[in-house]
Amino acid sequence: DGGITQSPKYLFRKEGQNVTLSCEQNLNHDAMYWYRQDPGQGLRLIYYSQIVNDFQKGDIAEGYSVSREKKESFPLTVTSAQKNPTAFYLCASRTSQGAIGNQPQHFGDGTRLSIL
Amino acid sequence: GEDVEQSLFLSVREGDSSVINCTYTDSSSTYLYWYKQEPGAGLQLLTYIFSNMDMKQDQRLTVLLNKKDKHLSLRIADTQTGDSAIYFCADISGGYNKLIFGAGTRLAVHP
């Protein structure tokens, strides 16, 4: 079955540690996204990538980094510079084929990151 | 910047209709989406509407769009306990298909 796989489901970070969240999709989608979700708030865009080897900052990129070396993969690193990393992280992807509105974003099941 | 607002909580009786409302500020919106999130899970696309439409129906779901008032609603007919979730309204913004999300409406369905 095609879909978006995020791993791990739960992740714990120690002070001063970088951690990497995995996002893999087998939908052959061109664009991929990372969002952060905090309780009682909507999703906020961290980074996005429209094609391989290219990515752009979203609204809250500080303290995060990404790479897009393969079409299928878009890992997110939460660095020690991110002082409040506890949140639910969601990865999404979409195709670039067809009219823009017919290209809704599809989401993975998320990774919950907590501070130890 | 663009903004999307939703009421945070709605409680309905099983079998009744639920209406979740959303307002947005971007007058150039082309597509608006409704997503559903169950506890601990990602977002599931429910439906979307193009800005030149007033209404879209998909089984138990009806989306109404009032473009003049920038108001969007999602009606769920015959609401069931399995409909209990958080519902997000989202608006496309910008050339890269960036989605602007509301804070989500938590729907609670009781017997």
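The values are calculated or read from the model by the stated rules, or taken from the named source; none is laboratory data. Keep in mind that what you see is a predicted model, and the values were worked out from it rather than measured. Cβ atoms come from the backbone with ideal geometry, glycine included; neighbour counts cover every protein chain shown. Protein only, heavy atoms only, side chains kept; ligands, DNA and RNA dropped before computing areas. Shrake-Rupley method; radii C 1.70, N 1.55, O 1.52, S 1.80 Å.
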For this session: Run B:T79 past the list (1) open to solvent by 20 Å² or more (accessible area, probe 1.4 Å); (2) assigned to a loop (DSSP other than H, G, I, E, B); (3) not acidic (D, E) and report the number of the one that doesn't hold.
Result: (1)
Seminar exercise, completed: When (1) of a type in the set (A, V, I, L, M, F, W, C); (2) closer than 20 Å to A:A81 by Cβ; (3) open to solvent by less than 80 Å² (accessible area, probe 1.4 Å) are applied to A:M32, the one that fails is (2)
Exercise. Which residues, counting only those in segment B:6-24, are of a type outside the set (A, V, I, L, M) and more than 14 Å from chain A (Cβ to nearest Cβ)?
Worked result: B:S11, B:R13, B:E14, B:G15, B:D16, B:S17, B:S18, B:N21
Seminar exercise, completed: Among strands (runs of 3 or more DSSP E) completely within segment A:32-77, the ones holding 3 or more residues that are within 17 Å of A:T20 (Cα to Cα) are A:43-51, A:64-66
Problem set entry | Residues that are open to solvent by 50 Å² or more (accessible area, probe 1.4 Å) and at the interface with chain B (Cβ under 10 Å from one of its Cβ atoms), drawn from segment A:102-116 | A:N102, A:H106, A:D109, A:R112
Seminar exercise, completed: Residues of segment A:55-101 being under 14 Å from the mean Cα position of the chain (by Cα), within 12 Å of chain B (Cβ to nearest Cβ) and open to solvent by less than 20 Å² (accessible area, probe 1.4 Å), in sequence order, are A:F88, A:Y89, A:L90, A:C91, A:A92, A:S93, A:R94
